[in-house]
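So the structure is just underneath, and the comments pick up after that.
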Amino acid sequence: MQISLTRSSDVPLRQQLAEQIVFLITTGQLRTGEEMPSVRALARRLHVHHNTVSEAYQVLVGRDWLTRRHGSRLMVGARKDGRAEPTSLDELINESIRRAKEMGYSLEDSAATAIFGYVHFSNRLGRRRRIILVD
């Protein structure tokens, strides 16, 4: 499980962690029923306080991304239709990426299409936009 937190970001670490876990789930890198690392193990690995991980996990349990079973670790949740409705812009983008991937599009295709759409829509509104991408 690849997670990278940015301490200098204005986004709280617990929110960064929760959003990255959602991304891993929506892109299929974490699968339904897969056990999550314990709070303390993940906190040690990420070099954060265990409360940071615990709070992120609680948010994800509340949004049905993770499930608790008495006496066992948290697991990636199984939703009724296999998917949760996006409740934030990040979740909506992650869901769009996952669906594009299922249709055979690459992450690069998705990003390029999103950027083109943003520039095109902004230009139609009279807001001239130019974006330069450097790889």
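Results, tabulated for the structure shown:
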{"quantity": "Relative contact order [Cα under 8 Å, 6+ residues apart], the chain, whole percent", "calculated": "21"}
{"quantity": "The range 1-81: trypsin sites (Lys or Arg not before Pro) in DSSP loop, at most 15 other beta carbons within 10 Å", "calculated": "ARG7, ARG31, ARG68, ARG69, ARG73, ARG79, LYS80"}
{"quantity": "Built amide H within the under 5 Å cut-off of LEU66, gap 5+", "calculated": "VAL61, GLY77"}
{"quantity": "Given charges at beta-carbon only (K, R positive; D, E negative), |dipole| of the range 13-104 in Debye", "calculated": "340"}
{"quantity": "Pairwise label distance in nanometres, GLU102 with LEU5, each label 7 Å out on the Cα-Cβ vector", "calculated": "3.1"}
{"quantity": "Loop-located GluC sites (Glu not before Pro) in the range 6-102, at most 15 other Cβ atoms within 10 Å (DSSP)", "calculated": "GLU34"}
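Where a number appears in this text, it was derived from the coordinates with a stated rule and is not lab data. It should be emphasised that the depicted structure is a prediction, and the values quoted were computed from it without experimental measurement. In this analysis, Cβ positions are derived from the backbone assuming ideal geometry, glycine residues included, and neighbour counts consider all displayed protein chains.
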